[in-house]
DNA sequence: TAGTGGTCTAGACCACCGT
DNA sequence: CGGTGGTCTAGACCACTAG
């Protein structure tokens, strides 16, 4: 709301008055109109004006609202669609992307069976082992940009693929945003966890970074995954972000890779 | 060369004569003009009309050549730039992407030091252990789409990062395309291997797929990487493609991950 | 100053979707 | 059929680079 009128036009992204050599790299660098529109749309997404799954206004309407041409709105939406924040459907409109209703289940999971595809493997089984509210350790707090000792929700679970326990993982979530999350909520819910976060807590995960290592299974982990202790496992640490680069989840997983592999595309 | 005149306009991507129900999903599906332009530019790249590092004709010139508007050429180039096949530089022109001269060394290597960045680690050391012409085993032949028993070049090498042997890998390349590749060529060349492939063999790697697993170090591998046998290692199998999805390299690497991690971005 | 890519506009028409 | 996104055009102006 409070849409700027007249809308910003060709505004330098850095104040033009700064004398040369104010200490930074300081290229003047103009911010194109469509980037400003993109930012405005992002604000509406973040503010919840349009929620996951919703139809957003048509390009014409947005062009009228922001007082720019349809082409400029189009370019803004193009970039948001490229980032998987919006989904365009010809003839129908543009929708806010969601982890539910999305044909790609587990959009962030890169583990695939060595033979066949995920569908042929049948549905994954999920086994919640724990859901506790604890104080964040130093490294968890740092990753989630919290103060050490702040409350976080820690979830421990095992995922089974093709009838075999394959992934053992711990999740940490900011206690503030995930106030009502309990073991019951998790076990009752069918569908991707990120879809639950969207519908119940208004937190949409948009992007993530993963760090992979090969490690030896500890006795405890080995028991959970039904392998001998010392078995090589893929360690996957994931940090997931909402809009505007705010980290909202830390995940530490151990993947069995005897019948599965982590797939990645490079370009 | 033999540019279609008049240029194709709004051509159905599937022959229009096929009676309904020729066995496929069979949506008519039109192919936009800019896709056709994109394909023509791709042909020129593939044919070597413009080589890696070259400046290609300006948008205006291409628009004139193909008899379309500049905006249409622009959209074609946009997609090729998004695929990292072309690089735009404002005020200068559009260039063919290259693995050399590119500020990002090792564009396909996702291994990063746990602390600090790659630059602070100093240059990588490369140690070529072998370069032989051998007959392709069944799996290698299948991956490279060759007949079993056809000649391939097999390279074995160790990469050192920060003074520590960190990556042990085998490469297989089609013998046909890499006729003059020898141990001497490899040891003499400074810079990324893919840059050598470009300049000496005209093979430009454009895209790759990787499959990761956690494995235990064999005694032989352990010796090469200076770790105890049985140490968990990250197994990375890479299939790299040239233009048009032709596989041109199979790589099987073992990565130490005690001081490094494999980084991946999800979105 | 000339040439390049980058942005923005306005308008036309097409393909797809629901009614 | 009307509304949506998708394509294509033509022209104007801006920002960056180099001679």
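The values are calculated or read from the model by the stated rules, or taken from the named source; none is laboratory data. Only a predicted model underlies this, so the values are computations on that prediction, with no experimental measurement involved. In this analysis, Cβ positions are derived from the backbone assuming ideal geometry, glycine residues included, and neighbour counts consider all displayed protein chains.
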Output for the range B:70-80, where each listed residue is away from every other protein chain (no Cβ under 12 Å) and within 9 Å of DNA strand C (Cβ to nearest atom): B:70, B:73, B:77
Can you name every residue in the range A:88-112 that is in contact with a strand residue (DSSP E or B) (Cβ under 7 Å, 6 or more places away or on another chain) and surrounded by fewer than 16 Cβ atoms within 10 Å (Cβ to Cβ)? A:88, A:89, A:93
In this structure, does residue A:40 turn out to be more than 16 Å from DNA strand C (Cβ to nearest atom), in a helix (DSSP H, G or I) and under 16 Å from residue A:243 (Cα atoms)? no
Residue in the range B:150-159 that is more than 24 Å from residue B:204 (Cβ to Cβ) and either loosely packed, with under 13 Cβ neighbours inside 10 Å or more than 19 Å from the chain's Cα centre (by Cα) (or both) present: yes
For residues that are more than 14 Å from chain B (Cβ to nearest Cβ), away from DNA strand D (no atom under 11 Å from the Cβ) and either modelled with pLDDT under 95 or outside any loop (DSSP other than H, G, I, E, B) (or both), tally how many sit in the range A:81-116. 6
Picked from the range B:236-267 (must be free of Cβ contacts under 8 Å to residues at least 24 places away in the same chain and in a strand (DSSP E or B)), the residue farthest from the other protein chains (Cβ to nearest Cβ) is B:265
Give the range B:218-232 a look and list any residue that's within 12 Å of chain A (Cβ to nearest Cβ), assigned to a loop (DSSP other than H, G, I, E, B) and in contact (Cβ under 8 Å) with a residue 12 or more places away in the chain, or say none. B:227, B:230, B:231
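If I ask for residues that are away from DNA strand D (no atom under 12 Å from the Cβ) and outside any loop (DSSP other than H, G, I, E, B), which ones from the range A:63-75 would you list?
Our first condition is that a residue be away from DNA strand D (no atom under 12 Å from the Cβ); within the range A:63-75, this holds for A:65-68.
Matches in the range A:63-75: A:65, A:66.
Just the residues that are part of a strand (DSSP E or B) and free of Cβ contacts under 8 Å to residues at least 40 places away in the same chain, please, taken from the range A:143-175.
First pass over the range A:143-175, keeping only residues part of a strand (DSSP E or B): A:151-161, A:164-174.
Scanning the range A:143-175 gives A:151, A:152, A:153, A:154, A:155, A:156, A:157, A:159, A:160.
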Can you spot a residue in the range A:188-196 that is in a helix (DSSP H, G or I), at pLDDT below 95, touching a helix residue (DSSP H, G or I) at 6+ places or on another chain (Cβ under 6 Å) and away from chain B (no Cβ under 11 Å)? no
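Quick one: is residue A:60 within 13 Å of another protein chain (Cβ to nearest Cβ), out of contact with any strand residue (DSSP E or B) (no Cβ under 9 Å at 6 or more places or on another chain), within 16 Å of DNA strand C (Cβ to nearest atom) and at pLDDT 95 or above? Walk me through how you get there before you give the answer.
On the way: within 13 Å of another protein chain (Cβ to nearest Cβ): no; out of contact with any strand residue (DSSP E or B) (no Cβ under 9 Å at 6 or more places or on another chain): yes; within 16 Å of DNA strand C (Cβ to nearest atom): yes; at pLDDT 95 or above: yes.
Answer is no for this residue.
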